[in-house]
Amino acid sequence: LHNHGSWRPKPLLDTARFILSFNSRHRKNHQDSQALWKHEAVQKYLETLSKEYQQVSRLLSADSLNDFEQRTLRRRHADLSPIAAAFQEIKEAEREVRELEAMCTELDNRDEKQLLELALEEKESLDEKMNVLCRKLFQLLVPKEKYDRSPVILEVTAGRTTGGDICQQFTKEMFEMYQNYADYKRWTFDIVNYTPAEIGGLHHAAAHISGENVYRHLKYEGGTHRVQRIPETGMSSRMQRIHTGTMSVIVLPQPEEVDVKVDLKDLRIDTFRARGAGGQHVNKTDSAVRIVHLPTGLAVECQQERSQQLNKEIALRTLRAKLYQQVIEKQLSQEQSARKLQLGTRAQSERIRTYNFTQDRVTDHRISYDARNIKEILSGKEALDKLINRLLEFAEIEAVTQYLENLQALEGGG
């Protein structure tokens, strides 16, 4: 462990010698945290970390270490401590499950139906506890994304359809869904731009959302959302014809400090009358502002405030966020090129979810997840939160899986 007088953690590849073959066929069988936990390679990997933690703990108690070695060991100890604790906690819960399973077998043999029923209920509770503990462990293992804690700019835009107004109506419902979800999560939801359609729907809208871990929860909402429904009015409604339409969602992380220089000579600033709902000033003063960044063609609008100057400041902040997003996207693409982000490419043209009103079903195509009761989803509360957390869990599992695959690849190449 000592190298030229300084301590270094033993490379994981030297201590975790295992063969891992998580190909797409295996991945289909690892759709939850508990299933991944049971895989032999994961067990070996965690055993390795646990042994390293014990080794580091012993070394920390030695008197022969210099200050540099002490600092290095303490950092490693701090990294490994929560992982080792979660690992032991799961091991203990697993032991309780085995004991309970043996008890259930015995009660079943003795035909003790009432006691068996109670034991099975306890086992179900323990299984749920195991899933929670496993997910907690994998959250510790997954590298944290740089922008997870950032506020976001969320934009919605209506797509096109072959008749009817279902795209605009659906876009309005989706924007309200995210507004309700922000309220459910106790986030702040500030509307930056709102362009309604003539027939009661919504062409485009944008909002700044801030709070705890906003980007972490909304980062997989970006993409094309498809709707299938029978229009409420017109010939198609009488003929019960199903129309298909789309709307797109863009989610941009917005770090608190966005330092992007914008030269005023590169901007074209237009003013116009606000079009959204919001007060007596609407359509009476040119308070709304549109800013176009000429070198990139990026355009932003703000009509949130009554003051043209305030709208200009908000629009400039949004423009900086969009320009900064180009930097962020490069970093994200580099990070994701290794594990290819199994949830998709995050391309805004990619269809990620279908809302089928006639079958009362929401399908997330990235994780083959179906949820019933569209109204519950669109209410932006518990049902949507459950879907989003399912996406996060799947992403965490994929990240751990890919991390172990990368170790295997490095081991093979080294």
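Per this entry, GLU176 is counted among residues that are assigned to a helix (DSSP H, G or I), of a type in the set (D, E, K, R) and over 23 Å from ILE83 (Cβ atoms). In the set (1) closer than 23 Å to PHE394 by Cα; (2) modelled with pLDDT of 80 or more, the condition left unmet by ALA35 is number (2).
Every residue, every condition in (1) touching a residue at least 60 places away in the same chain (Cβ under 8 Å); (2) surrounded by fewer than 17 Cβ atoms within 10 Å (Cβ to Cβ); (3) not assigned by the TED database to the domain that holds ALA78, yes or no:
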{"position": "ASN109", "(1), (2), (3)": "no, yes, no"}
{"position": "GLU112", "(1), (2), (3)": "no, yes, no"}
{"position": "ALA119", "(1), (2), (3)": "no, no, no"}
{"position": "MET130", "(1), (2), (3)": "yes, no, no"}
{"position": "VAL156", "(1), (2), (3)": "yes, no, yes"}
{"position": "ARG160", "(1), (2), (3)": "yes, yes, yes"}
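Being closer than 22 Å to ASP270 by Cα, under 24 Å from the mean Cα position of the chain (by Cα) and modelled with pLDDT of 80 or more holds for only one residue in LEU316, LEU298, LEU323, and it is LEU323.
All of (1) surrounded by fewer than 16 Cβ atoms within 10 Å (Cβ to Cβ); (2) β-branched (Val, Ile, Thr); (3) under 35 Å from the mean Cα position of the chain (by Cα) hold for THR105 with one exception: (3).
Residue-by-condition table, conditions (1) touching a helix residue (DSSP H, G or I) at 6+ places or on another chain (Cβ under 6 Å); (2) modelled with pLDDT of 90 or more; (3) not assigned by the TED database to the domain that holds GLN326:
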residue: GLU198; (1), (2), (3): no, no, yes
residue: LEU202; (1), (2), (3): yes, yes, yes
residue: GLY211; (1), (2), (3): no, yes, yes
residue: LYS219; (1), (2), (3): no, yes, yes
residue: VAL227; (1), (2), (3): yes, yes, yes
residue: GLN240; (1), (2), (3): no, no, yes
residue: HIS243; (1), (2), (3): yes, no, yes
residue: THR246; (1), (2), (3): no, yes, yes
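Residue check: is GLN54 open to solvent by 60 Å² or more (accessible area, probe 1.4 Å), at pLDDT 85 or above, farther than 16 Å from GLN43 by Cα and of a type in the set (S, T, N, Q)? It is true that GLN54 is open to solvent by 60 Å² or more (accessible area, probe 1.4 Å), at pLDDT 85 or above, farther than 16 Å from GLN43 by Cα and of a type in the set (S, T, N, Q). Taking the stretch 190-219 as the range and being out of contact with any His (no Cβ under 6 Å at 6 or more places or on another chain), aliphatic (A, V, I, L, M) and surrounded by 20 or more Cβ atoms within 10 Å (Cβ to Cβ) as the test, the residues that pass are LEU202, ALA205, ALA206, ALA207, ILE209, VAL214, LEU218.
The values are calculated or read from the model by the stated rules, or taken from the named source; none is laboratory data. Since the structure is predicted, the reported quantities are computational estimates derived from the model, not experimental observations. Glycine also receives a Cβ, built like all others from the backbone with ideal geometry; neighbour counts cover every protein chain displayed. Note: areas computed on protein heavy atoms with side chains; ligands, DNA, RNA excluded. Shrake-Rupley method; radii C 1.70, N 1.55, O 1.52, S 1.80 Å.
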